[in-house]
1. Quick one: is G60 out of contact with any Lys or Arg (no Cβ under 7 Å at 6 or more places or on another chain) and small (G, A, S)?
2. Just one of T15, T78 is in contact with a Phe, Trp or Tyr (Cβ under 9 Å, 6 or more places away or on another chain), within 12 Å of ligand 1 (Cβ to nearest atom) and hydroxyl-bearing (S, T, Y); which is it?
3. In segment 2-40, which residues are polar (S, T, N, Q) and within 16 Å of the chain's Cα centre (by Cα)?
4. Tell me the helices (runs of 4 or more DSSP H) entirely within segment 136-241 that contain at least 1 residues that are touching a His at 6+ places or on another chain (Cβ under 9 Å) and hydroxyl-bearing (S, T, Y).
5. Would you mind stating whether V62 is among the hydrophobic types (A, V, I, L, M, F, W, C), within 16 Å of ligand 1 (Cβ to nearest atom) and in contact with a helix residue (DSSP H, G or I) (Cβ under 7 Å, 6 or more places away or on another chain)?
6. Can you confirm whether segment 116-126 contains a residue that is of a type in the set (S, T, N, Q), without any contact (Cβ under 8 Å) to a residue 60 or more places away in the chain and surrounded by 15 or more Cβ atoms within 10 Å (Cβ to Cβ)?
7. Does D87 meet the test of being on the phi < 0 side of the Ramachandran plot, more than 16 Å from ligand 1 (Cβ to nearest atom), at pLDDT 95 or above and not basic (K, R)?
8. So, in segment 96-125, exactly how many residues are within 15 Å of A151 (Cα to Cα) and either hydroxyl-bearing (S, T, Y) or touching a helix residue (DSSP H, G or I) at 6+ places or on another chain (Cβ under 7 Å) (or both)?
Amino acid sequence: MAAPKALDVKNLSVTLGGKKILQDISFSIDEGDFFIIIGPNGSGKTTLIKAVLNLLPYTGKVSLFGKSVHKRAGLGATVGYVPQKFDFDRTFPITVAEAIDVALQKGLRAPEQRKERVDDALGQVGMADYAQARIGALSGGQVQRVLIARAMVNQPKIVFFDEPLAGVDVKGEKSFYDLIQNLKESQKLTVTLVSHDVTVVNLYADKIAALNRTLVAFGTPQDVLVAQNIKKAYGQGFGIFRHKQCLKKDPQTQSPQEGERCRLFGE
Ligand SMILES: Nc1ncnc2c1ncn2[C@@H]1O[C@H](COP(=O)(O)OP(=O)(O)O)[C@@H](O)[C@H]1O
Ligand SMILES: [Mg+2]
């Protein structure tokens, strides 16, 4: 028998406050996929993640690893989630280890076991030396790593990140994606991520969904990232994304120095 899909969404619709937010969304991703959801502001990306995690009422069918999410109480250990705009209260005097410990499953009682899990999660994100540091003393990039550790602490099979890169510079973005890619491979993790940056997704994504209240396109980056879909998701007035690097001119030939990742976007 084929392995169940990591995430299987069938005919999902969401109505909030009498307004139809998502309409008839169907797609599925495999275990180990790096899945990225793109779409403009207000297109329903956060709503989709919340519905999939059973945090919002919906119609349709959602299964994680072959089990209907309707039957789940809470998120459970299988799932890690970093909500949009989630941050620690930096003025609150807690340590990194304490901030992660609170996310641990209730069932895990023994203090040594809890400490081991927390240390393990911090090790995975390269923050092992910071367990006793105050949250308030960390840089933005370090806080982001702690958020990833927090999502990983219950050893989930799938993790959801909702726009984790707001306020992070380009260098921080690259190390974030490299870290996630690394975790994905070392922990056999399935990753679902909402991103604004269409240019990075073709470097990392196995599957992409372009969303605008309905599913505009779904598939591999090569299938999805074509001008027609981007226009459909983002509107006619929207140009094709170009990374700054792609527009640099070669000093000798004066032609644009285009790399692999620049060429994919429609032209
Ligand atoms: N609880 C709610 N009640 C009514 N409308 C909502 C609610 N939550 C979100 N919306 C609306 O749903 C749309 C999609 O929101 P959201 O999923 O946050 O989009 P995105 O994450 O893509 O920016 C927006 O128009 C938003 O105003
Ligand atoms: Mg959102």
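The values are calculated or read from the model by the stated rules, or taken from the named source; none is laboratory data. Please read these numbers as outputs of a predicted model, since none were measured by experiment. Methodologically, a virtual Cβ is constructed for each residue, glycine included, from the backbone with ideal geometry; neighbour enumeration extends over all protein chains shown.
1. Spelling it out, it is not the case that G60 is out of contact with any Lys or Arg (no Cβ under 7 Å at 6 or more places or on another chain) and small (G, A, S).
2. That would be T15, the only listed residue that is in contact with a Phe, Trp or Tyr (Cβ under 9 Å, 6 or more places away or on another chain), within 12 Å of ligand 1 (Cβ to nearest atom) and hydroxyl-bearing (S, T, Y).
3. Once the filter is applied, which keeps residues that are polar (S, T, N, Q) and within 16 Å of the chain's Cα centre (by Cα), segment 2-40 yields only S28.
4. In segment 136-241, 198-204 are the helices (runs of 4 or more DSSP H) which contain 1 or more residues that are touching a His at 6+ places or on another chain (Cβ under 9 Å) and hydroxyl-bearing (S, T, Y).
5. For V62, the condition - among the hydrophobic types (A, V, I, L, M, F, W, C), within 16 Å of ligand 1 (Cβ to nearest atom) and in contact with a helix residue (DSSP H, G or I) (Cβ under 7 Å, 6 or more places away or on another chain) - is met.
6. Among the residues of segment 116-126, not one is of a type in the set (S, T, N, Q), without any contact (Cβ under 8 Å) to a residue 60 or more places away in the chain and surrounded by 15 or more Cβ atoms within 10 Å (Cβ to Cβ), which makes the answer no.
7. Answer is no for this residue.
8. 14
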